[in-house]
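The values are calculated or read from the model by the stated rules, or taken from the named source; none is laboratory data. This is a predicted model, so every value here is computed, not measured. Don't worry about glycine lacking a Cβ; one is built from the backbone with ideal geometry, like all the others, and counts go over all protein chains shown.
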Amino acid sequence: METMLIIAKVADIEILEADIIHEERELCPISDVPKPHRTSILARLIDSCLLYFEAISQGIEADQQEYDEELMYSLEGMVDSGGWSPPSEEETKAMEARVSRRVVIRKYIHEMQRDAHSLSDEQLRAFYEDQKELFTSPEEVRVSHILIRKHRENAEAKAHEVRSNIHTEDDFNCATASCSDCPSNLSCGDLGFFPRGKMHPAIEEMAFSLEVGEISDVFTSPFGYHILMVTDKKAPAQLPFEEIKEALKIRLMSLEREFYLAKHVRDLREKYKNLIQILAEEYK
């Protein structure tokens, strides 16, 4: 079978075309999502083999409970995806080996990443001070609006009539309750605060062009005809260090572990380079 083609070997572990196809399906279970190139999938599988060799060299093993739980998880995933069919004896052995390696690798990475450096408050503060532009809340605007939906008879004329009778904030609030087709009419048309990129561009452009208390002319969007009144604005502001410290620590520690693992894998590539053989020409 084509899927039994040996693509590469890492010591005595064979990486088959079937392994690459399996990994591809796990990475991209949705058919219309762009799939990574298969050479990059092969690189991932080789890296996994190297981590496995290093793990067993340090005496890490999968106990029976861990193995059984991982095997059950894998089988459930195959059934849920509709990819289940009774495996052959050879396929069963390959799956069992894959499951065992996965457990060992996960345990090894967990143990290894304990050595990743923790971050002190002083280091976090230094990063915060050096990258302050990353910790700024965006400019926000708060608006109320009146919406005349397009399905109304003479909707555009109605919107202009409503606008012609608005001269003050009180006029706007009265018109919101009596004329607006938006559910926000129950709260004086209030849409709350929002930054750029959260509303339809037509609404956003108008909202950020007005001053507080200013009322727009009639303008359109796919929803209908709008009249906006800006009720408040928030300028960009520096987020306090104490407010973002914990989230920053979690994110930086995650990055630290990722970099630590990537460096470790590069070291293993060098350490075990004589064990790696790429056999299929199209993957070289």
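Observations on the model:
- Among the residues of the range 245-284, those that are surrounded by 12 or more Cβ atoms within 10 Å (Cβ to Cβ) and in a loop (DSSP other than H, G, I, E, B) comprise Y272, L279, A280.
- Some residue of the range 171-190 being closer than 25 Å to P236 by Cβ, outside the structural domain of E258 (by TED's automatic domain parsing) and out of contact with any Leu (no Cβ under 8 Å at 6 or more places or on another chain): yes
- Test for I244: is it in contact with a helix residue (DSSP H, G or I) (Cβ under 8 Å, 6 or more places away or on another chain), modelled with pLDDT of 95 or more and either outside the structural domain of L147 (by TED's automatic domain parsing) or farther than 17 Å from D181 by Cβ (or both): no
- When the range 205-220 is filtered for residues that are buried (at least 16 other Cβ atoms within 10 Å of the Cβ) and of a type outside the set (A, V, I, L, M), the ones remaining, listed by number, are F208, S216.
- Of all residues in the range 89-148 being part of a loop (DSSP other than H, G, I, E, B) and small (G, A, S), the one that is surrounded by the most Cβ atoms within 10 Å (Cβ to Cβ): A116
- Selection status of A235, under 27 Å from S137 (Cβ atoms), of a type outside the set (D, E, K, R), without any contact (Cβ under 8 Å) to a residue 60 or more places away in the chain and surrounded by fewer than 18 Cβ atoms within 10 Å (Cβ to Cβ): no
- Residue pairs whose Cβ atoms lie under 6 Å apart, sitting 6 or more positions apart in sequence or on different chains, and linking a residue in the range 170-182 that is part of a loop (DSSP other than H, G, I, E, B) to a partner that is charged (D, E, K, R), are D181/R149.
- Qualifying residues in the range 28-73 (those that are among the β-branched types (V, I, T) and at pLDDT 85 or above) - the one farthest from R102 (Cα to Cα): T39
- Those residues of the range 206-236 which are over 20 Å from H167 (Cα atoms) and part of a strand (DSSP E or B), in sequence order: T220, S221, G224, K233, K234
- From M229, M253, residue being in contact with a Ser or Thr (Cβ under 8 Å, 6 or more places away or on another chain) and within 30 Å of A55 (Cβ to Cβ): M253
- Qualifying residue in the range 150-164 (condition: surrounded by fewer than 14 Cβ atoms within 10 Å (Cβ to Cβ), at negative phi, in a loop (DSSP other than H, G, I, E, B) and more than 30 Å from the chain's Cα centre (by Cα)): yes
- Neighbours by Cβ (under 7 Å, 6+ apart or cross-chain): first from the range 40-52, assigned by TED's automatic domain parsing to the domain that holds A262; second hydroxyl-bearing (S, T, Y): L42/Y283; L50/Y272; L51/Y108
- Filter pass, F223 being surrounded by fewer than 18 Cβ atoms within 10 Å (Cβ to Cβ), touching a helix residue (DSSP H, G or I) at 6+ places or on another chain (Cβ under 9 Å) and among the aromatic types (F, W, Y): yes
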